[in-house]
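Everything on this sheet refers to the single structure shown next.
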Amino acid sequence: MRTLNTLLIISFLLGSQLAAQQQASPQGNATFIETKAQRDRRMSWWREARFGMFIHWGLYAVPAGEYNGKRSDRIGEWIMEWANIPRADYEKFAGQFNPVKFDAKEWVRIAKDAGMKYIVITSKHHDGFAMYGSKVSKYNIVDATPYRRDPIRELAAEAKKQGLKFCFYYSILDWHYPAAYVDAPGKVPTAGNRTTKLTPGGKEEYVKYMKEQLRELITKYDPAVLWFDGEWQDWWSEADGQELYHYVRTLKPDIIINNRVGRGRQGMQGMSKTDQEYAGDFGTPEQQIPANGLPGVDWESCMTMNTTWGFKFYDDKWKSSEVIIRNLIDIASKGGNYLLNVGPTAEGLIPAPSVERLAAVGKWMKLNGASIYGTTASPFSTQLEFGRATSKPGLVYLHIFDWPTDGTLRVPAWGKAVTKAYLLTTPARSLKFNKRADGVTLQLPAQAVDPIATVVVLETK
Ligand code: JFZ
């Protein structure tokens, strides 16, 4: 009955934006009513974008992976957990957080030049510290740091100015909220932990707090996506997730919300379970790329460039530009988005190795972006031996990772006839091709144009 009432209120509030047809796909929302056409419209910018920047920035950038001389292989933004730091001590990082070198325009330029179409930044991570000027908690960058400014306001304005979508990460797990405590062997009760407990009555109070912060975030900065996290607490249920999903969509009907709002996520693999409908619009594989895409399922792989999300000054295990570019292609060929992370320093700088790699991706995207943006998954039934493929109506893009030594590329059949073939960078020069029973062969130049990935375009009918 409560659900029915809520639905009636929502339908009333949103009027014709919502139709009375329940979405019933694995990614459907048990919580919000819209037609497939409405959902497709809401998701369209995100599906076309294919590539975004994740930014993990918070107080953890101050210790930068070292506490009392102790370092760890663990991720930097979890230092309050792995170094067992009591709340009162962790709070002291706020007094040392003064990112005077932060330059919103430069951050957005770095993302844009890399070919990224959206930015997702941590508004509040597990440590509970708000990176924006929050009125509901003094534990925020304006009120608790010498910086006294709101970098999020500047970043949101700059992203919009430069034509990128601006989005928020928000953690449900909160190590700083007074009602939250840790009950684990060897652990300080106010330190960070994978899971927390809440004092009696604490949950209602905390949910109210989250909702107030989310209202601030949505009304002040107008984010295009809300990327929840930290949902794996035993005090957080799927019903809670659905309710929160509903709340956020009510504040901004066309917003997009990830599946970590509820309990549908299948671990780090990240896709939603299919035994029932779960809250959330897209799956969130973490540090991995699914072996295959799933037709009709929206997903986004988030990945680091080294081995941490939040800045650690000694993490130098950087992925090469080649790996990063091929990951982007691999993900697009499976119908997903790539959310690639940077972890800025406490001074407000994106680390130079990240900037260099993003510039290399941008150089490739400038020439080859047509084979990524607005594409859908590979039309081939098996993975190609030489690389990957994406498609658009009437077009197939082949991404060649391994250049054939004899100059002949063997492409398996996929049920369409090729009418023309050329390299994406030289469309005026056609490539010779031969139709065969089992597909088509193409005559390529002797050398790869780009050893990371050369793109061949096939026009089809
Ligand atoms: C989460 C965060 O914990 C992490 O700090 C980062 O923000 C990443 C993008 O998302 O990663 C996870 C998710 C789940 C678990 C651990 C880390 N888990 O279930 O233990």
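Farthest toward the positive end of the dipole of the chain, out of Ile85, Ala437, Ile119, is the Cα of Ala437, where the dipole comes from beta carbon charges about the Cα centre.
The heavy atoms of Glu243 offer some 80 square angstrom of accessible surface to a 1.4 angstrom probe.
Can you give the charge dipole size of the chain about its Cα centre, rounded to the nearest 20 debye, using +1 on the beta carbon of Lys and Arg and -1 on the beta carbon of Asp and Glu? Mind showing how you got there, number by number?
Values: 58 positive and 49 negative charges, 246 e Å.
Dipole size: approximately 1180 debye.
Quantify, in whole percent, the carbon and sulfur part of the accessible surface of the stretch 409-461 (1.4 Å probe; protein heavy atoms only). Kindly include the intermediate steps, with their values, before the conclusion.
Working: 1600 of 3050 Å².
Reported share for carbon and sulfur atoms: 52 percent.
Taking the 1.4 Å solvent-accessible surface of the stretch 235-313 as the whole, the part contributed by carbon and sulfur is 52%.
Between Thr454, Met210, Thr145, the Cα set farthest toward the positive side of the dipole of the chain (charges on each charged residue's Cβ, about the Cα centre) is that of Thr454. The H on the amide N of Thr454, modeled in the peptide plane, is under 5 Å from the matching H of Ile400, each at least 5 residues off or on a different chain. Based on Cα contacts under 8 Å between residues 6+ apart, the stretch 78-142 shows a relative contact order of 19 percent. When the charge dipole of the chain is built from unit charges on Cβ atoms (+1 for Lys and Arg, -1 for Asp and Glu) and taken about the Cα centre, the candidate among Tyr422, Pro344, Val248 whose Cα reaches farthest toward its positive end is Tyr422.
Measuring with a 1.4 angstrom probe and ignoring ligands and nucleic acids, Asp254 comes out at about 90 Å² accessible.
Relative to the longest principal axis of the Cα atoms of the chain, the long axis of helix 321-333 lies at roughly 80 degrees.
Would you mind telling me the share, in percent, of accessible area of the stretch 314-356 contributed by carbon and sulfur at probe 1.4 angstrom? Here it works out to 55 percent. Compute the long axis of helix 352-368 from its Cα atoms, compare it with the longest principal axis of the Cα atoms of the chain, and write down the angle in degrees, 0 to 90, nearest 10. Between helix and principal axis, roughly 40 degrees. Using a probe of 1.4 angstrom and keeping all protein chains present, the accessible surface of the stretch 302-461 works out to 44 square angstrom per residue. Computing FRET efficiency as 1/(1 + (r/R0)^6) for Ala88 and Asp183, where r is the C-beta to C-beta distance and R0 is 22 Å, gives about 0.75.
Remark: the stretch 253-262, residue by residue, has Karplus-estimated 3J(HN,Hα) of x, 9, 5, 10, 10, 6, 7, 7, 6, x Hz, where x stands for each Gly or Pro and the curve is 6.51 cos²θ - 1.76 cosθ + 1.60 at θ = phi - 60°. Taking only Cα atoms, what is the 0 to 90° angle, nearest 10, from helix 151-161's long axis to the longest principal axis of the chain? Once rounded, the angle reads 30 degrees. For the stretch 435-442, 3J(HN,Hα) computed residue by residue from phi via the Karplus equation (6.51, -1.76, 1.60; θ = phi - 60°) reads 7, 10, 4, 9, x, 9, 10, 10 Hz, glycine and proline entered as x.
Between Lys160 and Trp235, the contour length at 0.36 nm per residue exceeds the Cα-Cα span by 23.3 nm.
The values are calculated or read from the model by the stated rules, or taken from the named source; none is laboratory data. No experiment lies behind these values; they were computed from the predicted model shown. With ideal geometry, Cβ positions are generated from the backbone for all residues, glycine too; neighbour counts draw on all protein chains shown. Only protein heavy atoms, including side chains, enter the accessible area calculation; ligands, DNA and RNA are left aside. Shrake-Rupley method; radii C 1.70, N 1.55, O 1.52, S 1.80 Å.
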